[in-house]
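Contents: one structure, followed by commentary.
Values in this text are rule-based calculations from the coordinates and carry no lab data. Everything numeric in this text was worked out from a predicted model, so none of it was measured. No Cβ is skipped: glycine too gets one built from the backbone with ideal geometry, and neighbour counts run over all protein chains shown.
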Amino acid sequence: MIIDRAEVIVTSPDRNFVTLKLTTDEGHTGLGDATLNGRELAVVAYLQDHVVPLLLGRDAHRVEDTWQFLYRSAYWRRGPVTMAAIAAVDTALWDIKGKAAGMPVYQLLGGACRSGLLAYGHASGKDNEELFDSIRSHQEQGYKAIRVQTGVPGLKSIYGIASNATYEAMEGVRYDHEPAQRGALPNEEDWDTRSYLRHVPTVFEAVRNEFGPELPLLHDAHHRLTPIQAAKLGKSLEPFDLFWLEDVSPAENQEALRLVRQHTTTPLAIGEIFNTVWDYQQIIREQLIDYVRSAVTHTGGISHLKKVLDYASQYQIKSGMHGPTDISPVGMAAAMHLGLSIHNFGIQEYMQHGAKTDQVFQQSFTWEGGYLHPGDRPGLGVELDTDEAGKYPYVQAYLPYNRLADGTVHDW
Ligand code: EZ4
Ligand code: CO
């Protein structure tokens, strides 16, 4: 079975998505997600100019060999652009293999280890009152685990608060769960670590008082703290029994987490911006984290993320795959097939896509009682409607960035 067509499809129904579509001489098609939020066109060029010409004529069944060929023959290894491009090829080949075998991808990965995937959603509010409403509305939608983000007194606009979102979809509809803003320049947000560290524990105390001890709660510090500040936050949140605390410090400094770990038993999740097992080598080996946050889309595809998670499993570290709106329905499906088939699944992030996105991508997954399942269609279970996709051309969009009160650029 030979790859005889490879197309890179860019569409922006509610936000930008980059999708690789491979077609074989036997007529099977496969999809892979290559969306890199705010830098989408770099991956398009990498795929179109340098990868597509190498795929034509290759044996579509050789998933691992194609991965190794693309990774090693480039000579320049790793990095988000390269690894998103390789991920898209890998995912599309798994999709094709599933269709050729007449089986959903999770069956090819060893079969289901559970009946569904516990998922968490994003509740947020400018203040506690708005937050509580958002938590209740997530519970009504079935969510059994909830991420909590709030505004901080004195700061105008910070990451993760839906009601602050200024993102306008093409027809003027606010798209709540989306930090990227359409426009020629990134938005500027503000940040003050001391106010944040004082405020967050009061929010979790209020949430526990209102919702009780059972509800699994998560929080994302989004890379903004130094190691000692991160340690302090983990310690101050211990009474509120978090499911995890995410991205407490800029994760490229793997050793920083040793210091955090010495001070707190709050479980740590990291890795949404990582792209290979090498980014995790030390923190897995030294057991400095509890959850691996990588998405299939940004970590070399199903083949490579499975290796990361198998390695993590030796240390009782579990999956917590990234699932924001910038992971396309194809990337989400890939995550669900992988999550269903590994033993060390932890939790899946699940933010719902917009209605137009769901028209462009026809999907087979189910969402019931707080659990996701990828469905049983052969392959990934996602098809892309190219006519629908064609209605929504790429729109420039950037993630915001932070400045401190004195004007210094800070981690966003
Ligand atoms: O900021 O996906 O845990 N989720 C996150 C996300 C990221 C965006 C960046 O594109 O941190 O909201
Ligand atoms: Co995050």
Using Cα atoms only, what is the angle between the long axis of helix 227-237 and the major principal axis of the chain, expressed in degrees (0 to 90) to the nearest 10?
-> 70
Two-decimal ratio, the range 255-409, of alpha-carbon radius of gyration to 2.2 N^0.38 Å | 1.19
Where the only charges are on Cβ atoms (+1 Lys, Arg; -1 Asp, Glu), what is the dipole of the chain about its Cα centre, to the nearest 20 debye?
-> 920
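What FRET efficiency do you get for Asn187 and Asp406 if R0 is 22 Å and r is their Cβ-Cβ distance, rounded to the nearest 0.05?
0.70
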Amide H neighbours of Asn402 under 5 Å, counting only residues 5+ apart in sequence or on other chains, H built in-plane at 1.01 Å?
-> Glu189, His410, Trp412
In nanometres, the difference between 0.36 nm per residue of separation and the alpha-carbon distance of Leu56 and Asp376 is 112.3 nm
Roughly how tilted is helix 301-313, in degrees to the nearest 10 and between 0 and 90, from the longest Cα axis of the chain?
-> 50
Measuring from the longest principal axis of the C-alpha atoms of the chain, the long axis of helix 329-341 (C-alpha) lies at a number of degrees, nearest 10, equal to 80
Highest average packing first - 400-408, 147-155, Cβ atoms within 10 Å = 147-155, 400-408
Applying the Karplus parametrisation 6.51 cos²θ - 1.76 cosθ + 1.60 with θ = phi - 60° to the phi angles of the range 198-206, what ³J(HN,Hα) value in whole Hz is obtained for each residue in order, glycine and proline being reported as x?
-> 6, 7, 4, x, 5, 5, 5, 4, 5
Remind me, relative contact order of the chain in percent, using alpha carbon pairs under 8 angstrom and six or more residues apart?
-> 22
Sequence-separation-based contact order of the range 319-412, relative, with Cα cut under 8 Å and 6+ spacing, percent | 24
Where labels lie 7 Å past Cα in the beta-carbon direction, separation of Phe211 and Arg78 in nm = 3.6
Using mean Cβ contacts within 10 Å as the protection proxy, how do 202-211, 262-271, 37-46 order, highest first?
-> 262-271, 37-46, 202-211
According to the Cα gyration tensor, what semi-axes, each the square root of 5 times an eigenvalue, does the equivalent ellipsoid of the chain have, listed from largest to smallest in whole Å?
-> 34, 23, 21
Rounded to 0.05, the calculated FRET efficiency for the beta carbons of Arg5 and Gln316 at R₀ = 51 Å is 0.70
Kirkwood Rh for the range 187-251 from C-alpha pairs, in Å, is 12.4
